Amino acid sequence: KLEMSFAKRINALQPSATMAVIEAAARLREQGIDVISFGAGEPDFDTPDHVIAAANKALADGHTRYTAGSGTTSLKQAVVNKLKKDNGLDYEANQIVISNGGKHSLFNIMMTLFEEGDEVILLTPYWVTYPEVVKLSGADPVYVETREEDGFQVNSEQLLQGVTRKTKGIIVNTPSNPSGAVLNRESLQAIVDVAISNDLWLISDECYEALVYDGEHISLAGFDGAYEKTITVQTMSKAFAMTGWRMGYSASSKELATAMGKFQGQATGCPNSIAQFASETALTVPPVFLDDWRAQFLGRRNYMVKALNEMTGITCLMPEGAFYAFPKVSSLFGKKAGDVEIKNDMDLTKYLLDEAHITVVPGSAFGASEHVRLSYATSLDAIKTGLGRFADAVAKLN
Ligand code: PLP
């Protein structure tokens, strides 16, 4: 077999869990079937016009060459100003690394901090990329479960169950993909306490910060004693609808930023010059459009969560942030529609695609097989039609 000659690290890597669903949906669409997708991990809004204008201007002005490996100083300064204004955090430009997306920042961090023999704690349900990017560094992911009954919050007892002599870091994601949970001050304090007493790095993925509907987003780096240990990860993707531009950044100690800049400089050279100019404008101009986006997401969320809770056998917590609902569907396991038996989240996903022509993502992709994930980054009309079909399909199960 050909793969036998590939590196071990690639054979250990899981393919993207959403890919199978997307491909199956594409096959149905080819047959002319109208499939409604709840799989999207990106806003359905367009990049704001002033950001596009800034990219056009960067091109016209000839900003088409390599920049410094870790990004332009002026974009780093715009990031510094943003972190001060929105998060109350003090950084200098040499602590910022601009990257090709939040995912790339996470990769830089793992490759710089972790190696074989290390363990990194992930909170379940986790974003699909975390285990894979930890494994790529050579380290092992260790899972600490959070519970729906607790609103997916976490305490120190839970965290300490995952800590061993090998533990080097914890990845924290608030607001969370997939659960939509926003970690409260107590949970974050517990995480900081465990990190300080065990000398762990804190990787704080705050990519959905701008999309909080209830409660408040609190940055981990602002806690007493956490600043030196925390690497904040951010993206232009979600708040500015810039997923395809591939722009993200991290904020950390100067030493770590320098080390990550060295890694990135050899791996990818530098981030895209035009997207950097556009991002500078995005971060500098007040994001007035966000109020409208948030209002739309809120309306869709409320509709979706109510509709899910009205289905027999399904319960859904109100997600406080991001744009995902993460209903518990395990009461449907063991039921049948005709010859089709729903044994698990994968079967339910397939049944919903075949029967209701809707796509959801099975919870096992996030380490939580009693759930499925639905994105509400799609129109309210699509949500109404799709959830109507979802309800009809569920009603046929017995
Ligand atoms: N972190 C989380 C939790 C995400 O859901 C995503 C995107 O889906 C990212 C980071 C990274 O996004 P990007 O690489 O587009 O910045």
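Here, each number is a calculation from the coordinates, and none is a lab measurement. Because the structure is a prediction, the values reported are computed rather than measured. Quick reminder, even Gly has a Cβ in these numbers, built from the backbone with ideal geometry, and neighbours come from all protein chains shown.
Annotations for the structure displayed:
- Per principal axis, descending, Cα span of segment 265-398 in whole Å: 57, 38, 23
- Computed Rg/Rh of segment 50-193, alpha carbon atoms with Kirkwood Rh: 1.04
- Most fluctuating residue given options 328, 343, 135, as computed from a GNM of the chain linking Cα atoms under 10 Å: 343
- Proximal charge balance of residue 206 [Cβ under 11 Å; K/R count +1, D/E count -1]: -2
- Geometric extent, Cα atoms of segment 298-359 - Rg, Dmax (angstrom): 12.6, 38
- Amide H contacts of residue 372: 329, 363, each under 5 Å away and 5 or more positions distant or on a separate chain (H built 1.01 Å from N in the peptide plane; Pro and chain starts excluded).
- Rg(Cα)/(2.2 N^0.38 Å) for segment 1-58, N = residue count: 1.84
- Cα-based convex hull, segment 253-325, per residue volume (Å³, whole number): 179
- Placing a label point 7 Å from the Cα of residue 267 along the Cα-to-Cβ direction, the residues of segment 63-86 whose backbone N falls under 16 Å of that point are 69-71.
- Linear extension gain, residue 392 paired with residue 157, 0.36 nm per residue minus alpha-carbon span: 80.4 nm
- The chain - charge dipole about Cα centre, Lys and Arg +1 at Cβ, Asp and Glu -1, debye rounded to 20: 740
- Mean projected area (nm²) of the alpha-carbon convex hull when the chain is viewed from all directions: 20.9
- Alpha-carbon gyration tensor eigenvalues x 5, square-rooted, for segment 154-211, Å: 21, 12, 10
- Alpha-carbon Debye profile of segment 117-276, log10 I(q)/I(0) at 0.10, 0.13, 0.15 Å⁻¹: -0.37, -0.63, -0.85
- Bridges between two residues of the chain, per DSSP, are antiparallel at a rate of about 45%.
- For residue 261, net neighbour charge (Lys/Arg +1, Asp/Glu -1) across residues whose Cβ lies under 13 Å away: +2
- Here segment 204-336 is treated as an ellipsoid with the same Cα gyration tensor; its semi-axes, largest first and in whole Å, are 35, 19, 16.
- Charge sum, other residues only, whose C-beta stays under 13 Å from residue 233's C-beta, Lys/Arg counted +1 and Asp/Glu -1: -1
- Overall dimensions of segment 17-123 as given by Cα atoms, namely Rg and Dmax in Å: 19.9, 55
- Rg and Dmax [Cα atoms of segment 64-148; Å; Rg one decimal, Dmax integer]: 15.9, 49
- Think of the chain as a dipole: +1 on every Lys or Arg Cβ, -1 on every Asp or Glu Cβ, centred on the Cα centre; then among 169, 284, 155, 284 lies furthest on the positive end.
- Filtered GluC sites (Glu not before Pro), segment 1-52: DSSP coil and at most 12 other beta carbons within 10 Å: none
- Relative packing of 115-123, 332-340, which averages over residues the other C-beta atoms within 10 Å, highest first: 115-123, 332-340
- Qualifying lysines (Cα of each under 26 Å from Cα of residue 168; at least 8 residues distant if same chain): 8, 103, 135, 229, 254, 262
- Relative to the current alpha-carbon distance between residue 285 and residue 254, full extension at 0.36 nm per residue lengthens the span by 8.5 nm.
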